[in-house]
1. What is the gain in length, in nm to one decimal, between ASN115 and ASN142 on full extension, counting 0.36 nm per residue of separation less the C-alpha to C-alpha distance?
2. Residue separation times 0.36 nm, minus the C-alpha to C-alpha distance between GLU122 and TYR355: what's the value?
3. Measuring from centroid to centroid over Cα atoms, what is the spacing of segment 329-351 and segment 242-321 in Å?
4. Of the peptides 403-415, 291-303, 371-383, how do they stack up when ordered by the mean number of other Cβ atoms within 10 Å, highest first?
5. In what sequence, highest mean first, do 107-119, 258-270 appear when ranked by Cβ atoms within 10 angstrom?
6. Using 1/(1 + (r/R0)^6) with R0 = 56 angstrom and r between the beta carbons of TYR333 and ILE47, what's the FRET efficiency to the nearest 0.05?
7. How much of the accessible area of segment 249-395, probe 1.4 Å, is carbon plus sulfur, in whole percent?
8. Quick one: of LYS231/LYS275; LYS110/LYS231; LYS303/LYS424; LYS248/LYS293; LYS141/LYS276; LYS106/LYS149, which pairs are farther than 22 Å apart, Cα to Cα?
Amino acid sequence: MKTLDKIPTGKIERTGSLLKAGAKVGVNYLKYYGNKITKDEGEARKILNEDNASDIYDSLKELKGSALKVAQMLSMEKNMLPVEYVEKFSLSQFSVPPLSGALVRKTFRKYFGRNPEEIFDEFSSESVNAASIGQVHKARKNDRPLAVKIQYPGVRESISSDLKMVKPIAMKMFNIKKDGSESYFQEVEDKLYEETDYNLELQRSQHFAAECRHLPNLLFPTYYPEYSCEKIITMDWMPGLHFSEFTKKNNTQEELNLIGQTLWDFYMYQMHILKKVHADPHPGNFLVSDDQKLLVIDFGCIKEIPEDFYTPYFEMARAENLKDPEIFREKLYTLEILRDDDTPEETAFFSKLFYELLELFTRPFNREDFDFSDDSFFNEIADLGQRYSKLSDMKGMNANRGSRHFIYLNRTFFGLYHMMHDLKSNRVVINNYKNFVKP
């Protein structure tokens, strides 16, 4: 893959890149109208989606940083975007153009005063993995294989301007009104700033590894602060298959259930015991070893769950509370899903919507075990989203719903559910994590 010698960092440069993509999208629509004359609507729409997704992604992958991170987040929303966008944006998880060797050495000289070849016994100038915020190189020190993650230059400095570019698109896509939306965008901005602070990520990585190392079938790398800084993290090289590659293998159901249970226990332990969670559950952050261990290799995005959100959230997840109109309504107000200034129509509409959504989404929590290979469950989720997105009743309503904490918690559950479904794990014990609570 072609390497990059420069990443646009200025606001004008980055905006210009997106404007070029916008011009290409305009041309694609002209082609679409022409295709409708010679092809049926479905085929013409598919070509339009493929062309638009490709042009937008090509622009984002050159920008990297927050702009590409948004594509990565959207690639996990399989029920919201056309499949052509999901397939193209999924490449942002582990397949984007890497930085050139010259830029990598420049970063090392800036923070360590030396080239990487002078610090490590061996250092591969070619990256083995390039994603939205950084890329990984293989190294060796004292016969120990290492993974060295290097952040792209200018990523942190462009977060605010990138989000200003993305904000109008997101508001239109999710029907978000300007008034009252500040807390949602601030939550995303704060998390992106955290993800670009590699000193913070190092601390969190070590903390999670220490707190979760006792969970069965789960492995974490050792981290090396002496070879790490605010833009570079060095850890053990963990041999294994990318999660996505593992799910495409001819695995036994027993192997799939083992990895699925491990992944589920890891998330439930974080959620209920640590009250903080790895909020970026996409396949690029996990490997599976030859002996069927789940390896967790990235802790860039962590969401801390405050008690005043955790308690009503999981109280509302209980089937008996969902079915009790008084308790359910009380929790909707507590979690800011219903608002004091709602019209009677908005109160009725969003009460019904969130009942249907939560009854479906919390179904696993009200079972002893759950079959995540069940296509009908995921089809119900997709159908519900499509049904409500097309309702004319919602037009003109204020869709700014829920506490800001929902953003990353919902992202966590959507990502986790889809990873569990990709595994086809069919017998996952929901509260198995309780067996591993430390005394």
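The values are calculated or read from the model by the stated rules, or taken from the named source; none is laboratory data. Here the structure is a predicted model, which is why all the values come from computation and not from measurement. Glycine gets a Cβ as well: all are built from the backbone with ideal geometry, and neighbour counts include every protein chain shown. When the accessible area is computed, the model is the full protein with side chains, heavy atoms only, and any ligands, DNA or RNA have been set aside. Shrake-Rupley method; radii C 1.70, N 1.55, O 1.52, S 1.80 Å.
1. 8.0 nm
2. Working: separation 233, 0.36 × 233 = 83.88 nm, distance 5.65 nm.
Gain in length upon complete extension: 78.2 nm.
3. After rounding, the separation between the Cα centres reads 31 Å.
4. Working: 403-415: 18.9, 291-303: 20.5, 371-383: 14.8.
The packing order, highest mean first, is 291-303, 403-415, 371-383.
5. 258-270, 107-119
6. E between TYR333 and ILE47, to the nearest 0.05, is 0.75.
7. Values: 3280 of 6790 Å².
On segment 249-395, the fraction of accessible area on carbon and sulfur atoms equals 48 percent.
8. In this structure, LYS231/LYS275; LYS303/LYS424; LYS141/LYS276 lie more than 22 Å apart at Cα.
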